[in-house]
Amino acid sequence: MLNKPEHIGIAVKDIEKSNELFTKLFGKKFYKIENVESEHVATSFFMMGETKIELLQATDPESAIAKFIEKKGEGVHHIAFAVDDIYAEMKRLEAEGFEILNKEPKKGADNKLICFLHPKTTNGVLIELCQEIKIGE
Ligand code: CMX
């Protein structure tokens with residue numbers, strides 16, 4: 001079972017300019033900025049009650065974010081749902097016919113184990129599963 005929407009990812013061209021824009025829009029500052037080398041992205045996170053907004057800027061032309069912006073422009077890139085057991089959910093969703101983009105969970109931003117489902121199997125929406133990494137894991 002998927003739990004609450006943990007965050008919504010928005011692809012941006014210039015994260016510094018977008019941090020200013022979203023700080024004005026939300027009336028509060030981001031609580032974290034983080035570079036995720038493995039995904040070739042720079043990110044920032046805004047806490048919005050029970051969920052978060054993640055801004056993502058590509059740090060490499062090969063990044064999924066660079067390709068997305070080239071094709072579709074800036075905008076909502078993915079919706080991430082919290083899960084209790086990412087391995088069990090990946091197995092369940094694969095059996096349900098969804099295409100899992102990474103066979104093993106990977107380390108994502110904000111201290112999470114993550115995995116993506118291909119948008120062609122989810123009505124055109126890139127879905128991320130994420131599980132908090134607990135200390136000692
Ligand atoms: N949402 C919806 N559709 C998307 C999409 C997105 N975010 N990204 C790509 N697509 C669409 C493409 O436009 C394309 O549509 P058409 O077939 O109609 O043209 C289709 O998906 C497949 O595209 P593709 O050319 O086969 O594949 P891409 O090279 O564009 O890769 C995807 C798409 C989803 C497989 C790839 O972006 C991926 O593996 N994403 C997961 C990793 C990721 O997004 N990392 C960045 C975020 C990391 C983080 O949150 O920390």
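The values are calculated or read from the model by the stated rules, or taken from the named source; none is laboratory data. The structure displayed is predicted, hence computed values, not measured ones. Note: ideal-geometry Cβ built from the backbone for every residue, glycine included; neighbour counts use all protein chains shown. With ligands, DNA and RNA removed, areas are computed over all heavy atoms of the protein, side chains included. Shrake-Rupley method; radii C 1.70, N 1.55, O 1.52, S 1.80 Å.
Looking at the chain, send over the antiparallel percent of its DSSP beta bridges, to the nearest 5.
Working: 29 of 38 bridges.
Expressed as a percentage, antiparallel bridges in the chain total about 75.
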Vicinal HN-Hα couplings computed from phi for segment 103-111 (Karplus, 6.51 cos²θ - 1.76 cosθ + 1.60; Hz; Gly/Pro x): 5, 10, x, 10, 7, x, 5, 6, 6
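At a 1.4 Å probe radius, which order do Met48, Met90, Met1 fall into by accessible area, largest first?
On the way: Met48 60, Met90 15, Met1 145 Å².
Per-residue accessible area, sorted high to low, gives Met1, Met48, Met90.
Which trypsin sites (Lys or Arg not before Pro) in segment 12-120 pass both tests, a DSSP loop state and at most 15 other beta-carbon atoms within 10 Å? Write down the numbers at each step before the final one.
Numbers: sites: Lys13, Lys17, Lys24, Lys28, Lys29, Lys32, Lys52, Lys67, Lys71, Lys72, Lys91, Arg92, Lys103, Lys106, Lys107, Lys112, Lys120; in loops: Lys13, Lys28, Lys29, Lys103.
Hits after loop and neighbour filter: Lys13, Lys28, Lys29, Lys103.
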Cα shape, segment 28-107, gyration tensor, a/c 1.5 rule: oblate
Can you work out the Karplus-derived ³J(HN,Hα) for every residue in segment 62-67? Use 6.51 cos²θ - 1.76 cosθ + 1.60 with θ = phi - 60°, whole Hz, and x for glycine or proline. 7, 4, 4, 5, 4, 5
Loop-resident chymotrypsin sites (Phe, Trp or Tyr not before Pro) in segment 1-78 with no more than 15 other Cβ atoms inside 10 Å, DSSP not H/G/I/E/B, are Tyr31
